[in-house]
Each structure stands twice: as structure tokens, then as C-alpha cells.
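Undergrad: I am attaching a structure below and will ask some questions about it afterwards.
The values are calculated or read from the model by the stated rules, or taken from the named source; none is laboratory data. Note that the structure is a prediction, hence the values are computed from the model and not measured. For neighbour counting, all protein chains shown are included, and Cβ atoms are generated from backbone atoms with ideal geometry for every residue, glycine included.
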Amino acid sequence: MGSLVQLRKTRAPKPEWLKVRMPGGGRYEHVRRTLRELGLATVCEEASCPNIGECWGSGTATVMLMGDVCTRGCRFCDVSSGMPGPLDPLEPRHLAEAVGRLGLDYLVVTSVNRDELPDGGAAHFAQAIVELRRAAPKTLVEVLTPDFQGDRGSLQMIIDAAPTVAAHNLETVERLTPRVRDRRASYKQSLEVLEFYKRGGMRTKSSIMLGLGETRSEVLQAMRDLRAVECDILTLGQYLRPTEKHLPVEEFVRPEVFAELEAIGLQLGFKFVAAGPLVRSSYKAGEFFVRNWVS
């Protein structure tokens, strides 16, 4: 990225600021064991999130609905792609049970893409939100949804289920979208999804990865585009290559650049901006929400 300050371009090794401790500890093991027992997949594991130790260690997790096989093949994502099996009708209930057993105050729920389903799995997703609100009415629920191919009926199901926050990720700048994301995803469609959620009365959130070859001006334009559809919350993080089969890291962006982008985001009018090398879409989501909307 043509940055605000001088950046060091390198492919290996990872810089010091990207090193994290190995996950472990009693709370981490409790979360891991409970999710295993209930057969629930998490994006924390499936996407090889670097913050899994910190988040699970504090008793939080991002649960992934509708299985762990995605119908899309984005070139940055470590989730398996292919043809998924049938939906588990008991999954929404199991999710609500997990929240009760884990004692969570704030839960992030996301999913794989299920393009083979007529509604993209929106009814199943919405049912999970309803079950959660019934079983744990005090738990705040953030959803990170697919685009459902832009289908308004599917998106309305999510709105009607009334999550606390509705998120959908832009992922990258407009120029790089065809290279980074699956061909069925588009920059324009993602903005339209966020706009539809906002018009439906939702608090909205999105995320952008850096280090894929974007320029500073392109990142700023993406941020302005998100504000044009009144997106409330933005997260900016470093892209990390999951395997040799995925897109290479073009640049390791320094922490001070993230800090400057965070300040610019607040100036643009985002309610909250979380920016840093290890920040991911759901990183400390509950803490950020409580700090900015509840307190």
C-alpha cells in the first residue's frame, strides 16, 4: 500500500508485531471443548485467526453456521470450499445452548456461503438469531453475513430477526476485488448489502484487509464508500497468507499506518474504527460495542 509513512516491503519472515502466543489456558480449553461437544464450527479455527488464544481465553468466540464447507472460493480465505452437505435443522438450537453454557454476553455469528440454497441459507441464519434471543435475551448478537447474492428477501430475513449489529465485509478495495474474492462477490453488491441493512434500521459494520497490493488512495476511497452507505463500524487488519495456495502477502503494513488510518476513519464519521495488524472483523467486538453504544 502506498502508505502515510514509509513501509518496509517484505515477504518473510513476519515482522515482530505479528507474533502471537500459542493458545492455551483454562478458559480457552473450556470454550474449545464446549464447541466441540455441540458440533459447532468456528471461524476462529476455520479461518486460522491469529487472535484465537486471546478471544477464547476471555470466553468469546465467533461461531460459523451452516457447516464448514463454503460454496465460494475466495483467494484469501482458509475455509474449505466445495459442495456442502445438508443443513442441520438442530444447529440453531445447539447454538443457543452453547451460548448458555459459555455464559457469553456478546456473540458474533457468521457463516459460510451456501449459494446452492434458494435463499442462500438466510432462513436458517435468521432462525439461529431468533433462537439465541429466546434462549439468552441478555446476550447481544452481532451477525457477519454473506451477501446472499444480493437477494432483498434473504437480507430482510436477517433484519426481521433483529440482531444487535449486522455486518458484511467489503474485504478489499474495488480494483482488487475480482482477484481477491470469488467471482460471485462484487464490491458494489457488498456496499448494497450494507446499505440495505442500514435502511432496515440496523447498526452496520464492515472490514477491509491490507497488504494485498492496494494503494493508500484506494483504501481511503473504500472507507469513503462505506461511509456513503452510512456504515457505522470499520475494522482494518493485515492480510496473512493461510497457505501457499492462497494469495501472497504483498506488504506487511506497520502498526503506525493502521493508527493513522484509524484516525482518518473517525474523521470520516465512523462510530468506531479498530485498526491494527492483528485486528479481524470480530476482534473484541463486544468490548467495542459496549464502549460505544451501551455506556
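Undergrad: Would you tally the residues in the stretch 196-231 being of a type in the set (Val, Ile, Thr) and surrounded by fewer than 16 Cβ atoms within 10 Å (Cβ to Cβ)?
TA: Count: 1.
Undergrad: Can you say whether Met209 is touching a strand residue (DSSP E or B) at 6+ places or on another chain (Cβ under 7 Å), of a type in the set (A, V, I, L, M), in a loop (DSSP other than H, G, I, E, B) and modelled with pLDDT of 95 or more, as far as the supplied structure shows?
TA: Numbers: touching a strand residue (DSSP E or B) at 6+ places or on another chain (Cβ under 7 Å): yes; of a type in the set (A, V, I, L, M): yes; in a loop (DSSP other than H, G, I, E, B): no; modelled with pLDDT of 95 or more: yes.
It is false that Met209 is touching a strand residue (DSSP E or B) at 6+ places or on another chain (Cβ under 7 Å), of a type in the set (A, V, I, L, M), in a loop (DSSP other than H, G, I, E, B) and modelled with pLDDT of 95 or more.
Undergrad: Related question: Checking the structure you have, find out if any residue of the stretch 190-202 is assigned to a loop (DSSP other than H, G, I, E, B), at pLDDT 95 or above and within 16 Å of Phe272 (Cβ to Cβ).
TA: Yes: the stretch 190-202 contains one or more residues that are assigned to a loop (DSSP other than H, G, I, E, B), at pLDDT 95 or above and within 16 Å of Phe272 (Cβ to Cβ).
Undergrad: Continuing with this model, one more query. Going by the structure shown, is Val249 modelled with pLDDT under 90 and either aliphatic (A, V, I, L, M) or not in a loop (DSSP other than H, G, I, E, B) (or both)?
TA: When the stated conditions are applied, Val249 does not pass them.
Undergrad: Do we have any residue at all in the stretch 136-156 that's touching a residue at least 60 places away in the same chain (Cβ under 8 Å), buried (at least 23 other Cβ atoms within 10 Å of the Cβ) and among the polar types (S, T, N, Q)?
TA: no
Undergrad: Answer with yes or no whether Leu40 is modelled with pLDDT under 75, touching an Asp or Glu at 6+ places or on another chain (Cβ under 8 Å), of a type in the set (A, V, I, L, M, F, W, C) and closer than 30 Å to Arg183 by Cα.
TA: yes
Undergrad: Another question about this same structure. Of all residues in the stretch 67-93, which are within 19 Å of Ala123 (Cα to Cα), part of a loop (DSSP other than H, G, I, E, B) and either at pLDDT below 90 or touching a helix residue (DSSP H, G or I) at 6+ places or on another chain (Cβ under 6 Å) (or both)?
TA: Gly67, Asp68, Leu87
Undergrad: I've got another one for you. Kindly provide the set of residues from the stretch 181-195 that are of a type outside the set (S, T, N, Q) and surrounded by 22 or more Cβ atoms within 10 Å (Cβ to Cβ), ordered by number.
TA: Taking the stretch 181-195 first, the residues of a type outside the set (S, T, N, Q) are 181-185, 187-188, 191-195.
Answer for the stretch 181-195, where residues must be of a type outside the set (S, T, N, Q) and surrounded by 22 or more Cβ atoms within 10 Å (Cβ to Cβ): Arg181, Val193, Leu194.
Undergrad: Now, a different point. Restricted to the stretch 263-285, and to residues that are in contact with an Asp or Glu (Cβ under 7 Å, 6 or more places away or on another chain) and either under 17 Å from Glu230 (Cα atoms) or surrounded by fewer than 21 Cβ atoms within 10 Å (Cβ to Cβ) (or both), which residue is modelled with the highest pLDDT?
TA: Here the residue is Phe270.
Undergrad: Could you tell me how many of the residues in the stretch 232-262 are within 17 Å of the chain's Cα centre (by Cα) and either of a type in the set (A, V, I, L, M, F, W, C) or buried (at least 22 other Cβ atoms within 10 Å of the Cβ) (or both)?
TA: Within the stretch 232-262, residues that are within 17 Å of the chain's Cα centre (by Cα) and either of a type in the set (A, V, I, L, M, F, W, C) or buried (at least 22 other Cβ atoms within 10 Å of the Cβ) (or both) number 9.
Undergrad: From Arg241, Arg254, which residue is more than 30 Å from Arg152 (Cβ to Cβ) and either touching a strand residue (DSSP E or B) at 6+ places or on another chain (Cβ under 7 Å) or at pLDDT below 90 (or both)?
TA: After applying the criteria, what remains is Arg241.
Undergrad: Which pairs have Cβ atoms under 8 Å, sit 6 or more apart or on different chains, and link a residue in the stretch 198-219 that is without any contact (Cβ under 8 Å) to a residue 40 or more places away in the chain to one that is assigned to a helix (DSSP H, G or I) and aromatic (Phe, Trp, Tyr)?
TA: Note: pairs meeting the criteria are Thr204/Tyr197.
Undergrad: Check off (1) surrounded by fewer than 16 Cβ atoms within 10 Å (Cβ to Cβ); (2) modelled with pLDDT of 75 or more; (3) under 30 Å from Glu250 (Cβ atoms) for Gln6 and give me the number that stays unchecked.
TA: Unmet for Gln6, out of (1) surrounded by fewer than 16 Cβ atoms within 10 Å (Cβ to Cβ); (2) modelled with pLDDT of 75 or more; (3) under 30 Å from Glu250 (Cβ atoms): (2).
Undergrad: Kindly provide the set of residues from the stretch 120-147 that are assigned to a helix (DSSP H, G or I), within 13 Å of Thr164 (Cα to Cα) and in contact with an Asp or Glu (Cβ under 8 Å, 6 or more places away or on another chain), ordered by number.
TA: If the condition is that a residue be assigned to a helix (DSSP H, G or I), within 13 Å of Thr164 (Cα to Cα) and in contact with an Asp or Glu (Cβ under 8 Å, 6 or more places away or on another chain), then Ala126 is the only one that fits.
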